[in-house]
1. State the extension gain, in nm to one decimal, for the chain segment bounded by residue 62 and residue 281, taking 0.36 nm per residue of separation less the distance between their alpha-carbons.
2. Summing -39500 (n - 2.57) over the DSSP H runs of n ≥ 4 in the chain and dividing by its residue number, what mean residue ellipticity at 222 nm do you reach, to the nearest 500 deg cm²/dmol?
3. Give me the one-decimal nm value for the distance between modelled label points at residue 327 and residue 128, 7 Å along each residue's Cα-to-Cβ direction.
4. Rounded to the nearest Å, what's the spacing between the alpha carbon centres of region 196-223 and region 254-273? Just the number, please.
5. If I fit a long axis through the Cα atoms of helix 53-65 and take the longest principal axis of the Cα atoms of the chain, what angle between them do I get, 0 to 90°, rounded to 10?
6. Using alpha carbons only, how many degrees (0 to 90, rounded to 10) separate the axis of helix 77-90 from the longest principal axis of the chain?
7. For the chain, place one equal point scatterer on every Cα, skip the solvent, and apply the Debye formula. What is log10 of I(q)/I(0) at q = 0.07, 0.08, 0.11 Å⁻¹?
8. Compute the helix-to-body angle for 327-336: its Cα long axis versus the longest principal axis of the chain, expressed 0 to 90° and rounded to tens.
Ligand SMILES: [Zn+2]
């Protein structure tokens with residue numbers, strides 16, 4: 001965290017800190033002290049409630065009143081996404097400071113907005129990626145274990161999604177072709193987590209990062225982020241558009257939805273290798289969800305299954321798959337994993 005001051009000073013002399021009140025209570029004073037030491041004028045914008053188009057607009061209005069040269073977003077996925085919305089609206093560079101490793105947001109230029117029922121509404125994009133990502137693994141290791149588990153769920157899918165995007169000549173997050181580099185990074189992400197994930201999980205929540213924890217955080221934040229933006233996404237992430245319409249699932253952490261989504265994707269791939277069994281067995285050892293009921297799914301009507309499938313297939317990532325799926329096929333796959 002100490003390097004945050006130096007990174008801000010590379011970009012300007014004043015910063016707006018976008019942060020939720022929980023993280024501000026924990027680290028606000030520390031960040032203010034770092035900024036004071038580096039003679040950075042700091043203003044604070046508190047993020048409250050879900051990130052809806054209205055709440056982002058209110059934050060942007062406040063941010064535009066301050067003339068800060070740099071936006072710093074600190075916290076989990078929501079604060080980082082709010083910071084991205086503010087950075088886009090103000091045209092200022094963004095520094096992200098993730099305090100949990102629960103998702104692939106810190107390095108990326110995209111951010112998500114929700115409706116009033118916490119259902120994913122839209123994916124927006126900054127013009128550029130964050131200028132810097134400052135990760136303090138002692139802070140990440142102090143965060144609750146279930147966030148770390150969700151981050152692993154979000155990262156483990158990237159190799160398989162990039163593979164599908166590449167094979168189907170799909171589009172990555174820059175609307176370009178999936179790159180060899182990104183596939184290599186996504187492969188390294190998978191290998192790192194399979195090798196170190198179980199050991200790393202033991203350090204999660206203790207505040208004391210171990211070498212396996214450090215390597216896993218690099219996989220979950222850096223490799224996962226680069227892997228999906230340049231490698232492209234596929235069914236596992238397309239499902240995050242549909243799954244929240246299954247009763248009980250909407251509040252499950254993104255990474256846990258992706259974890260189950262990957263099993264559904266691997267099932268639909270009809271792979272000749274044993275990836276599905278290998279990944280599912282590893283989930284069992286990690287305590288990751290293997291069925292929709294594990295992420296809260298309750299009794300679901302035919303209409304709700306079909307809505308979930310239809311919205312999944314409408315997501316742009318659904319096109320990055322070896323074949324075109326229809327609603328019936330996807331409903332069957334969802335029900336096999338209920
Ligand atoms: Zn994700």
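1. Numbers: separation 219, 0.36 × 219 = 78.84 nm, distance 4.83 nm.
Roughly 74.0 nm would be gained on extension.
2. On the way: 15 runs with 178 residues, N = 338.
After summing the helix terms and dividing by the residues of the chain, the value is -16500 deg cm²/dmol.
3. About 4.4 nm, to one decimal.
4. Comparing the Cα centres of region 196-223 and region 254-273, I get a distance of 23 Å.
5. Between helix and principal axis, roughly 20 degrees.
6. 60 degrees
7. Per q value, in the given order, log10 I(q)/I(0) is -0.27, -0.36, -0.68.
8. Its long axis makes an angle of about 90 degrees.
Taken together, the values in this text are just the output of simple stated rules run on the coordinates, not laboratory data. Not measured: the values here are computed from a predicted model. Using ideal geometry, Cβ is built from the backbone for each residue, glycine included, and neighbour counts are taken over all protein chains shown.
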